[in-house]
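Undergrad: Sharing a structure, written as structure tokens. Questions coming.
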Amino acid sequence: MAVLMNLVELLPEVCRIAVAAGDVIVEVYDHYDDAQIEHKGDGTPVTLADKRADALICEALSRLTPAIPLVTEESVAEVPFATRKDWQTFWLVDPLDGTKEFIERTGEFSVNIALVEQGKTVLGVVYVPVTRMLYCAVSGEGAYKQVIPHNVSGREWQACLDEKQRIQVHPLQPGVPVRVAVSRRHGSSTKAFMAALGATQTVKMGSAIKSCLVAEGAADVYPRFGPTSLWDTAAAQCVVEEAGGKLVDRHGKALRYEQSESLLNPHFMVAGDREFDWPAFPSAKS
């Protein structure tokens, strides 16, 4: 299955969808009593914001690219593995990455939309609704960051790949503490990894924003030694790689996005400096 639109032409439309979903999320966020928190079978929370954002994104992407199927965190249970096992091109979406952050009202949650072809993310959008910060990338075109104004115009959407907004990772500097992006609930494996780095500076953040901080050079590394799913990383991986960084497993291989029963990721690390001799992954679980 081939992408029906040029990726550069497709990106502004996907950014528009992500921001629209973010507006729906903020509407619920600002009326917290209406969040309607529930728990899924695996114990993870889901809110009214997750559901409304998911419905908006599914409808919008299906209308934008009707021939391309999609998998989202909230709808994957409705698409059995037998149906999706041979998909080579598909949308991979987390409508609200960081539901716990949403519930705890940290503001550190994002909308993640990725387009996957042959196991690789070729387009990625990570949008932070509270700050209106948008990170986006297309394979071969670089990574970009911008604040989306309210009442954004059509012309402004077309500027998603504005060279002035381009971001890049930063190489590590000798003698300078390594800035480590971590969640507020990181465990012992992350602490062991940080100890192996020597002097470090902690950058606490939620959701896929941590990966984007590495992409823009605001953090040097994001180690993740706990469970995650494909939709947690796909969009951000495109941003990181186009910014010059890497998102890799314990063997140094880039994460791939292929259909499976579980859609779970291995442990991984997001690193800005590709040449640095990063520590081995700890064997203990976080």
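Undergrad: Which ones in the stretch 106-130 are surrounded by fewer than 24 Cβ atoms within 10 Å (Cβ to Cβ) and either in contact with a Leu (Cβ under 7 Å, 6 or more places away or on another chain) or among the small types (Gly, Ala, Ser) (or both)?
TA: Within the stretch 106-130, Gly107, Gly119, Val122 meet the criteria.
Undergrad: A further question follows. Among residues belonging to the stretch 153-174 that are under 26 Å from Val221 (Cβ atoms) and under 20 Å from the mean Cα position of the chain (by Cα), point out the one that is surrounded by the most Cβ atoms within 10 Å (Cβ to Cβ).
TA: Among those that are under 26 Å from Val221 (Cβ atoms) and under 20 Å from the mean Cα position of the chain (by Cα), it is Val169.
Undergrad: Which residue pairs have Cβ atoms under 7 Å apart, sit 6 or more places apart or on different chains, and have a first residue in the stretch 195-218 that is in the same structural domain as Lys246 (by TED's automatic domain parsing) and a second that is of a type in the set (Phe, Trp, Tyr)?
TA: Short answer, once both residue conditions are applied: Gly206/Phe109; Ser207/Phe109; Lys210/Tyr222; Ser211/Tyr222; Cys212/Tyr135; Val214/Tyr222; Ala215/Tyr135.
Undergrad: In the stretch 222-277, how many are polar (S, T, N, Q) and under 17 Å from Cys136 (Cβ atoms)?
TA: 2
Undergrad: Could you go through the stretch 107-118 and let me know if any residue there is more than 11 Å from the chain's Cα centre (by Cα), over 20 Å from Trp87 (Cα atoms) and assigned by TED's automatic domain parsing to the domain that holds Asp162.
TA: The answer is yes; a qualifying residue exists.
Undergrad: Considering only residues that are of a type in the set (D, E, K, R) and over 21 Å from Val93 (Cβ atoms), look in the stretch 213-231 and name the one that is surrounded by the most Cβ atoms within 10 Å (Cβ to Cβ).
TA: Going through the qualifying residues, I end up with Asp220.
Undergrad: Right, another one. Output the residues belonging to the stretch 179-194 that are crowded, with 20+ Cβ neighbours inside 10 Å and not in a helix (DSSP H, G or I).
TA: Arg179, Val180, Ala181, Val182, Ser183, His186 - these are the residues of the stretch 179-194 that are crowded, with 20+ Cβ neighbours inside 10 Å and not in a helix (DSSP H, G or I).
Undergrad: If a residue counts only when it is closer than 20 Å to Asp54 by Cα, which strands (runs of 3 or more DSSP E) contained entirely in the stretch 72-164 have at least 3 such residues?
TA: Those strands (runs of 3 or more DSSP E) span 89-97, 110-117, 120-128, 133-138.
Undergrad: Here's something else I'd like to know. Could you figure out which of (1) modelled with pLDDT of 95 or more; (2) touching a Ser or Thr at 6+ places or on another chain (Cβ under 9 Å); (3) farther than 19 Å from Leu115 by Cβ isn't true of Asp97?
TA: (3)
Undergrad: Looking at this structure, is Phe81 of a type in the set (Phe, Trp, Tyr), assigned by TED's automatic domain parsing to the domain that holds Glu27 and closer than 29 Å to Met194 by Cα?
TA: Taking the combined requirement at face value, the residue does not satisfy it.
Undergrad: Hey, could you check the stretch 195-212 for residues that are within 19 Å of Gly245 (Cβ to Cβ) and crowded, with 21+ Cβ neighbours inside 10 Å and say which is farthest from the chain's Cα centre (by Cα)?
TA: My answer is Met205.
Undergrad: Could you check the stretch 207-255 and list, in sequence order, the residues that are part of a loop (DSSP other than H, G, I, E, B) and polar (S, T, N, Q)?
TA: Ser207, Thr228
The values are calculated or read from the model by the stated rules, or taken from the named source; none is laboratory data. Predicted model, so just to flag it, every value in this text is computed and none were measured. Backbone-built Cβ (ideal geometry, glycine too); neighbour counts: all protein chains shown.
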